[in-house]
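Have a look at the structure below, then the notes.
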Amino acid sequence: PAGGTFSAPAGLVIDAATGAIDVSASTPNPYVVTYTYVNGCGMSNAMFNITIEAAPTPPTLNYPQNTYCTNNTDPIPAF
């Protein structure tokens, strides 16, 4: 139901009103997000599991030499 608030443990940056998560500002980890709202008899909670994963490490690309002449054989990179 509308009108509740979101909360999460330290490390997860979340907007309490909308539930929007700032992934780039959050620490990679599993989290439990809690949504607390008023029902007809009092307060209720709904819980959601989410995991923020670290960005993959980009591959590296290296060539055997630093410079090549236009008449050299095409170099093959090492990944």
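Quick rundown of the values:
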read-out: Selected residue (criterion: most open to solvent (accessible area, probe 1.4 Å)) from residues of segment 19-41 that are farther than 28 Å from Pro56 by Cβ and touching a strand residue (DSSP E or B) at 6+ places or on another chain (Cβ under 8 Å); value: Val38
read-out: Test: Thr5 is at pLDDT 95 or above and either β-branched (Val, Ile, Thr) or exposed (fewer than 10 other Cβ atoms within 10 Å of the Cβ) (or both); value: yes
read-out: Number of positions in segment 1-42 that are among the β-branched types (Val, Ile, Thr) and either closer than 22 Å to Ala54 by Cβ or touching an Asp or Glu at 6+ places or on another chain (Cβ under 9 Å) (or both); value: 7
read-out: Pick from segment 42-74, criterion surrounded by fewer than 12 Cβ atoms within 10 Å (Cβ to Cβ) and within 14 Å of Pro9 (Cα to Cα), ranking: nearest to the chain's Cα centre (by Cα); value: Thr51
read-out: Test result for Val13, at pLDDT 95 or above and in contact with a Leu (Cβ under 9 Å, 6 or more places away or on another chain); value: no
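The values are calculated or read from the model by the stated rules, or taken from the named source; none is laboratory data. Just so you know, these numbers come straight off a predicted model, no measurement behind them. Note: ideal-geometry Cβ built from the backbone for every residue, glycine included; neighbour counts use all protein chains shown. Side chains included, ligands, DNA and RNA excluded: accessible areas come from the protein's heavy atoms. Shrake-Rupley method; radii C 1.70, N 1.55, O 1.52, S 1.80 Å.
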